[in-house]
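Structure, as structure tokens:
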């Protein structure tokens, strides 16, 4: 899932000079491999979402071989929970992990450790009180079906968000493959740009209302041509 510098500039519609400046400033996640810069597609999507940078529509195209699971279906499978306890980031994430609908044999302690490790690298808060905590490598969990769990915290907590707002809402993606994770992450990022869906999250609407709005937003996703079966 590595992007070249040229592919990145086309994805986010900025000049190579601008990207190189961001690299020098350390504001964009980048890797130097054999003298060439490479960028992780999932990290770039997270980065662009947190900074409200639009990305090209082709990022929404379903990668070949991905299990087709809509965001609304994944959210319905993962569940929506209210008044989740947590006095700080670690205790809130622990409560989130306890609520995720995982197989009986899933190692929740390990999942929490991986999520906390990801947060130690950089906050997954994307602004407006929303965070998308997840593991860096979705393959650490043996799950058959991708799920998205939405937890509303009883009290907002500090999450080191770029906009300084405390987090009250956490979407957690658990997927069987990196591609499926990216597939759902891209759709969640798209949905959160929809004013009606965003307001439903902000107002903590009912489960049925949120999922119904999610399905409506999905109908506006860029059409997928040439995707996998």
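The values are calculated or read from the model by the stated rules, or taken from the named source; none is laboratory data. Fair warning: this is a prediction, and the values are worked out from it, not measured in the lab. A quick note on method: Cβ atoms are made from the backbone with ideal geometry, for glycine too, and the neighbour counts reach across all protein chains shown.
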*Can you tell me which residue in segment 47-95 is nearest to residue 170 (Cα to Cα), limited to those that are modelled with pLDDT under 70 and not in a loop (DSSP other than H, G, I, E, B)?*
50
*Inspect all residues belonging to segment 3-21 and state whether any of them is at pLDDT below 85, over 20 Å from residue 150 (Cβ atoms) and within 16 Å of the chain's Cα centre (by Cα).*
no
*Top-ranked residue of segment 4-29 - restricted to ones that are in contact with a helix residue (DSSP H, G or I) (Cβ under 6 Å, 6 or more places away or on another chain) and closer than 21 Å to residue 118 by Cα, ranked as surrounded by the fewest Cβ atoms within 10 Å (Cβ to Cβ)*: 29
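Looking only at segment 85-98, how many residues end up being on the phi < 0 side of the Ramachandran plot, in contact with a helix residue (DSSP H, G or I) (Cβ under 9 Å, 6 or more places away or on another chain) and surrounded by 19 or more Cβ atoms within 10 Å (Cβ to Cβ)?
Residues meeting the conditions: 4.
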*asked:* Please verify whether residue 139 is in contact with a helix residue (DSSP H, G or I) (Cβ under 6 Å, 6 or more places away or on another chain), within 24 Å of residue 40 (Cβ to Cβ) and either modelled with pLDDT under 90 or not in a loop (DSSP other than H, G, I, E, B) (or both), treating the condition exactly as stated.
replied: no
*Residue list for segment 170-213, filter: at pLDDT 95 or above, part of a helix (DSSP H, G or I), in contact with a helix residue (DSSP H, G or I) (Cβ under 8 Å, 6 or more places away or on another chain) and under 17 Å from residue 49 (Cβ atoms)*: 197, 201
*Answer with yes or no whether residue 162 is free of Cβ contacts under 8 Å to residues at least 60 places away in the same chain, surrounded by fewer than 20 Cβ atoms within 10 Å (Cβ to Cβ) and in contact with a helix residue (DSSP H, G or I) (Cβ under 8 Å, 6 or more places away or on another chain).*
no
*asked:* Could you check segment 103-119 and list, in sequence order, the residues that are closer than 17 Å to residue 145 by Cα and crowded, with 19+ Cβ neighbours inside 10 Å?
replied: 111
*segment 30-47: number of residues that are without any contact (Cβ under 8 Å) to a residue 40 or more places away in the chain and either assigned by TED's automatic domain parsing to the domain that holds residue 175 or surrounded by 11 or more Cβ atoms within 10 Å (Cβ to Cβ) (or both)*: 8
